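Contents: one structure, followed by commentary.
The values are calculated or read from the model by the stated rules, or taken from the named source; none is laboratory data. All of these numbers come straight from a predicted model, not from anything done at the bench. Here the Cβ is made from the backbone with ideal geometry for all residues, glycine too, and neighbour counts use every protein chain on show. Side chains included, ligands, DNA and RNA excluded: accessible areas come from the protein's heavy atoms. Shrake-Rupley method; radii C 1.70, N 1.55, O 1.52, S 1.80 Å.
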Amino acid sequence: MSAGASASGAVAAVDLGATSGRVMHARVGANTLELTEAARFVNTPVRLWEGGRAALHWDLTGLFSRVLEGLGAVARSEPGLASVGVDAWAVDYGLLRAGRLLGEPYHYRDERTEEGVALVHDRVSPEELYREGGLQFLPFNSLYQLAHDQETGVSEAADGFLLVPDLVTYWLSGQAIAERSNASTTGLLTADGTWNDPLISRLGLRRSLFAPLVDAGTAVGSLLPALDLPFGGAGPAVTAVGSHDTASAVVAVPMEASRAAYISCGTWGLVGVELSHRVVSDEGRAANFTNEGGVDGRIRYLHNVMGLWLLSESIREWQRRGLHVSLESLLAEASELPRPSELFDADDPRFLAPGDLPSRIGGWFAERGLRAPASPAGMVRVIIESLAEAFAASVRTASELSGVPVETVHIVGGGARNALLCQATADRSGLPVLAGPVEATALGNALVQARSAGLLSGDLETLRALVARNYAPVRYEPAHVSVR
């Protein structure tokens, strides 16, 4: 079908985030891009007792049951669905034996990951890892988790390894694949996007664990009839999309990539630029910038900032204390407060683990002889401003390291709803911020499926133009005040 064709069709985007999941029914055509929510559900991790400690896991089988409910809802309204595609968060995985999941996947915030770092760095230096894979250091990257599993015998019985979105795709289609954008977050790919066999061997891992790599847009198979979903005919295709949720989100950023930066803002804030080539330099490694795979061979050159996790986990703590607070009310109160004179480092690793984040933030200030905000609204304001400063700093660094002359910052995802954060980012970066779409990840997922199914054609710029026509962003101009 040509890009000028008027017909449209339907696909289902399964989008699993670190705090919630959704199944979206999308109608897509050359002039059509419409999303309808079929299901939305929370993603709550679980603690399982494991020989002396309570380990943090994902309830992935529970999530899959919610996915099937959502697909059932889509099927009842769209029995002729063309395709289903799955995206999710990065680095975490399931281990299988003979096609059977051996246990619920570990959560990247589980403390076991720190032990894996030493195991890997004893064999391969951080400098060499960066030269090989161009990946930023995060203590929960897949290779560190795998090293720990190998050392402790957790993976001894396994004959398969599938990242979370690939595992859900396997349960939907019966086909085991490794989509390249998410595989690029493992630390185990070469510069040309293949499994790094020498590195895998040096780390004592088994090459046979890893599934064949495929690109976004690959038709993996068909939805399994055994799932008993009421689709007509042979049922929809199952299509590999940009299975790392940020890879899908970047597809739907309505930007001119040669002059813009993006912030995919949800639980994490991923701040970067899109490139046609990797940037692997000592300066990039020192700044902890990563080169991750994107759709159509693009490179997502970005830095991870702690993101809206700082807000959501703080609110959970206040609610645990018995305070009747909500994000909406606290943001309204925070917007009336003066801009704080002191900020905290939103990238400090002390804020990674679940728990009492307000006390940890207070501790950060106390260690420096500074006074932390006393009220929840004051704490929300300092979180917003600290995040905005981290975003602005990462935009500046991305531009300096990549050579992209950033003129505009696009914020997509849940953070695009947060007017206070968007305005603070504009003020602190000195650049216009264009906010939206909120559901960029589901849109990018749907667009890649639609192109694979022949409902669309064209490059990423063509897909982004369709997003821009249907989802006009909200513009925030920087205030002419000093905030640095």
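Which percentage, to the nearest 5, of the DSSP beta bridges contained in the chain is antiparallel? All intermediate terms of the calculation are to be shown ahead of the outcome.
Values: 52 of 71 bridges.
In the chain, approximately 75 percent of DSSP beta bridges are antiparallel ones.
What does the charge add up to near residue 21, with Lys and Arg as +1, Asp and Glu as -1, over the other residues with Cβ less than 12 Å from its Cβ?
Working: positive: 22, 40, 66; negative: 15, 37, 59, 69, 87, 245.
Net local charge, residue 21 excluded: -3.
Obtain the radius of gyration and the Kirkwood radius of the chain from its C-alpha atoms and give Rg over Rh. Mind dumping the intermediate values first?
Working: Rg = 21.7 Å, Rh = 22.9 Å.
Here the Rg-to-Rh quotient is 0.95.
Over the range 291-417, the alpha carbon radius of gyration divided by the compact-protein estimate 2.2 N^0.38 Å works out to 1.17.
Rounded to the nearest 10 square angstrom, residue 47 shows an accessible area of 130 square angstrom against a 1.4 Å probe. Taking every C-alpha pair closer than 8 Å and separated by at least 6 residues, the mean separation divided by the residue count of the range 124-197 gives a relative contact order of 37 percent. Taking a Cβ cut-off of under 13 Å around residue 282, the surrounding Lys, Arg, Asp and Glu residues balance to a net charge of -1, with basic ones at +1 and acidic ones at -1. Screening the chain for DSSP H helices whose Cα atoms reach 24 Å or more along their own axis and whose mean Kyte hydropathy is at least 0.0 gives 60-77, 376-402. Here the spin labels are modelled as points 7 Å beyond Cα on the Cα-Cβ line, and at residue 459 and residue 102 they lie 4.4 nm apart. The Cβ shell under 12 Å around residue 96 holds other residues with a net charge of 0, Lys and Arg each +1, Asp and Glu each -1.
For the chain, the fraction of 1.4 Å probe accessible surface lying on carbon and sulfur atoms is 52 percent. Heavy atoms of the protein chains alone define the surface here; on that basis the chain has 38 Å² accessible area per residue at 1.4 Å probe size.
Reducing the range 317-337 and the range 19-76 to their Cα centroids gives an inter-centroid distance of 27 Å.
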